[in-house]
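Working notes, beginning with the structure itself.
No lab work stands behind these numbers, since they all come straight from the coordinates. Given the structure is predicted, the values throughout are model-derived calculations rather than measurements. Glycine gets a Cβ as well: all are built from the backbone with ideal geometry, and neighbour counts include every protein chain shown.
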Amino acid sequence: MKDGSGEKMIPDSRIRLARNSRRGKDEITDGVAVGPVDGYFSGPMSPVPSGNPSSGKALSFDAIFAKVQVRFPSASAGSAPNGAQWIAVQPHDAFAVADFLKGEPELSFRSLCCLSGIDLLKLPPSEKDGPLRDDLVCAYDLHSFEHGHELRLKVFAPRLDPVVPSVESVWGVAGFFEREIFDLLGVVFPGNHDLRRILTPQDWVGHPLRKDYVYPESYGGVELKREGQTFDSGPYK
């Protein structure tokens with residue numbers, strides 16, 4: 001929209017939405033995120049108002065989890081101290097869940113924004129005197145352009161056998177993310193069409209982002225340690 005001078009104008013509804021969002025006036029009604037301006041809303045899992053004026057059907061986290069759990073009863077919900085929420089599924093369900101999240105019309109998670117790998121070794125337990133974990137985690141950050149909602153999906157793979165089915169055929173960009181996690185953390189993704197190292201040389205030994213990784217003293221005849229420098233324990237003790 002432009003005024004008489006040719007300058008672009010921001011619709012008043014957008015301005016009101018931004019102000020109201022900062023005041024916390026968005027509401028969640030019957031599992032649907034409803035914004036204060038017709039057609040606009042800010043989702044329950046993001047502080048940023050959606051730029052999609054045509055939907056208004058963003059589901060709450062609880063509504064999304066309920067749909068997933070009906071189809072996959074073993075799925076569980078988790079949250080972090082900062083309030084971030086996620087859905088966790090078993091490795092063998094990863095592909096089927098991904099396909100469901102993308103294909104279910106009321107979910108339509110067609111965008112994989114990021115796929116991260118996490119090593120839980122040496123991470124303090126979330127609860128006092130809680131058990132220590134050493135899983136390798138794949139965290140999928142998903143977004144629905146159609147509905148405006150978003151989700152973090154987590155897959156906890158056992159350290160001794162970290163195998164997670166590839167979701168490259170669901171979201172094409174996953175192929176590169178999976179190669180990076182394979183390279184740096186050692187998670188294997190059956191079904192990836194080109195699963196090989198992407199950052200380190202193909203003959204590199206080990207996976208550098210594992211918390212128990214022992215850095216080599218040299219590679220290809222080049223010393224990697226300076227005098228007095230040690231990498232044996234990594235950044236954690």
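Any idea how far the Cα center of segment 155-184 sits from the one of segment 77-115, in Å?
First find each Cα centre; the distance between them is then 14 Å.
Report, by chain and number, residues whose modeled amide H sits under 5 Å from the one on Tyr219, excluding near sequence neighbours (fewer than 5 apart, same chain).
Under 5 Å from the amide H of Tyr219: Leu224.
Starting from the Cα of Lys225, move 7 Å in the Cα-to-Cβ direction to define the label point; list residues of segment 185-208 whose amide nitrogen is under 20 Å from there.
Zone members listed by number: 204-208.
Add +1 for every Lys or Arg and -1 for every Asp or Glu among the other residues with Cβ under 13 Å from the Cβ of Leu185, and state the total.
On the way: positive: Arg159, Arg179, Arg197, Arg210, Lys211; negative: Asp119, Asp134, Asp135, Glu178, Glu180, Asp183, Asp212.
Once positives and negatives cancel, what remains is -2.
As a quick test, which of the pairs Lys102/Lys122; Lys154/Lys211; Lys154/Lys225; Lys102/Lys154; Lys67/Lys122 have an alpha carbon distance above 25 angstrom in this structure?
From Lys102/Lys122; Lys154/Lys211; Lys154/Lys225; Lys102/Lys154; Lys67/Lys122, over 25 Å: Lys102/Lys122; Lys154/Lys225; Lys67/Lys122.
Give me Val222, Val188, Val164 sorted ascending by neighbouring Cβ count inside 10 Å, so fewest comes first.
Val222, Val188, Val164
Please list, by residue number, every one of the trypsin sites (Lys or Arg not before Pro) in segment 180-210 that is coil in DSSP and has at most 14 other beta-carbon atoms within 10 Å.
Numbers: sites: Arg196, Arg197, Arg210; in loops: Arg196, Arg197, Arg210.
Of the trypsin sites (Lys or Arg not before Pro), the ones in loops of segment 180-210 whose Cβ has at most 14 other Cβ atoms within 10 Å are Arg196.
Looking at segment 147-234, which chymotrypsin sites (Phe, Trp or Tyr not before Pro) are in a loop (DSSP not H, G, I, E or B) and have at most 15 other Cβ atoms within 10 Å?
Trp204, Phe231
Across bins of 5 angstrom width beginning at 0, how are the C-alpha pair distances of segment 59-203 distributed, in whole percent?
Percent of Cα pairs in each bin: 2, 10, 19, 23, 19, 15, 9, 3, 1, 0.
Quick check: net charge around Glu146, other residues with Cβ under 13 Å of its Cβ, Lys/Arg +1 and Asp/Glu -1?
Neighbour charge sum, excluding Glu146 itself: 0.
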